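Worksheet for the structure shown next.
Just so you know, all these numbers are worked out from the coordinates, no wet-lab data involved. The structure displayed is predicted, hence computed values, not measured ones. Quick reminder, even Gly has a Cβ in these numbers, built from the backbone with ideal geometry, and neighbours come from all protein chains shown.
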Amino acid sequence: MWRGKTVSVIFPTYNEKDSIREAIEDFFACEYVDEIIAVNNNAAPGTDEEILQTRARLVHEPRQGYGHAIWKGLGEAKGDLLIISEPDGTFSGHDVFKMLAYSDDLPVVFGTRTVREFVWEGANMGFLLKWGNWGVGKLMEFLFNTTILTDVGCSMRLMTREVYESIRPQFTVGGSAFGPQIMLLTILNGHPFIEIPVNYKKRVGTSSVTGNLFKAALLGIRMTLMILHYRVLSWAGVLPRK
């Protein structure tokens, strides 16, 4: 619990059998985390067994896709403060405190993996991924005239329950581009936010998306098209404006 507010962490899992138990223990090591929801999204065999050895609450989401898994986790979470992350060993439970500290002033906190001093040796943040995420972030920042955005692909972020309840009816993306949709809906609904650097470490295993540069490039294109789509619709008055 953080300043009288309960804290939930949502972990979607697909190919993290070898890292999820350690990630859960790492985040529970932060004394402020009240619950962790581990969402099995058709995960590798043995994943459930790893989760059941921890204090995390296991739920299943049969609809394949990062977005669907996060929808499920957010729907199951009971906390006042909701933290989304990934159990692949890349993110650190130590950064939960950092996000909670900023939540005292703002209802949404996005992480960024583009600060060199926070990127660990071996992390999958090469030239193309770093500058691709930066470029798409700057496009969003420019088109919507927001505060600084440098990493649309960072999947560690925090939102209050009030923000979640306000944007939940507008969720439409069930796949990997759901992260940027959260950012766009945050902006369009006028919720203040900040982006802060988080630690980014070497992944355990291989990502099904960023482990393949072609798939990562396609995801970047989809993100860009979604940003342009939302900007046009908001200008047309179809979507809420900031």
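Assorted remarks:
- The tail of the calculated P(r) for the chain beyond 21 Å holds 54 percent of all Cα-Cα pairs.
- Across the range 86-124, the residues whose backbone nitrogen lies under 13 Å from the label position 7 Å along the beta-carbon direction of Glu22 are 87-93.
- In the chain, the DSSP beta bridges split such that about 30 percent are antiparallel, to the nearest 5.
- Computing Rg and the Kirkwood Rh from the Cα coordinates of the range 11-65 gives a ratio, Rg/Rh, of 0.95.
- Helical runs assigned H by DSSP (4 residues or longer) give the chain a calculated mean residue ellipticity at 222 nm of -12000 deg cm²/dmol, each run adding -39500 (n - 2.57) before division by the residue total.
- Of the cross-linked pairs Lys78/Lys215; Lys17/Lys138; Lys5/Lys72; Lys5/Lys130; Lys5/Lys138, those separated by over 31 Å at the C-alpha level are Lys78/Lys215; Lys17/Lys138; Lys5/Lys130; Lys5/Lys138.
- Computed lengthening from Phe97 to His60, 0.36 nm per intervening residue step minus Cα-Cα distance: 10.5 nm
- According to the Kirkwood relation over distinct C-alpha pairs, the hydrodynamic radius of the range 107-200 is 13.7 Å.
- Computed lengthening from Phe142 to Leu128, 0.36 nm per intervening residue step minus Cα-Cα distance: 3.0 nm
- Taking packing as the residue-averaged number of other Cβ atoms within 10 angstrom, the listed peptides 165-174, 127-136 run from highest to lowest as 127-136, 165-174.
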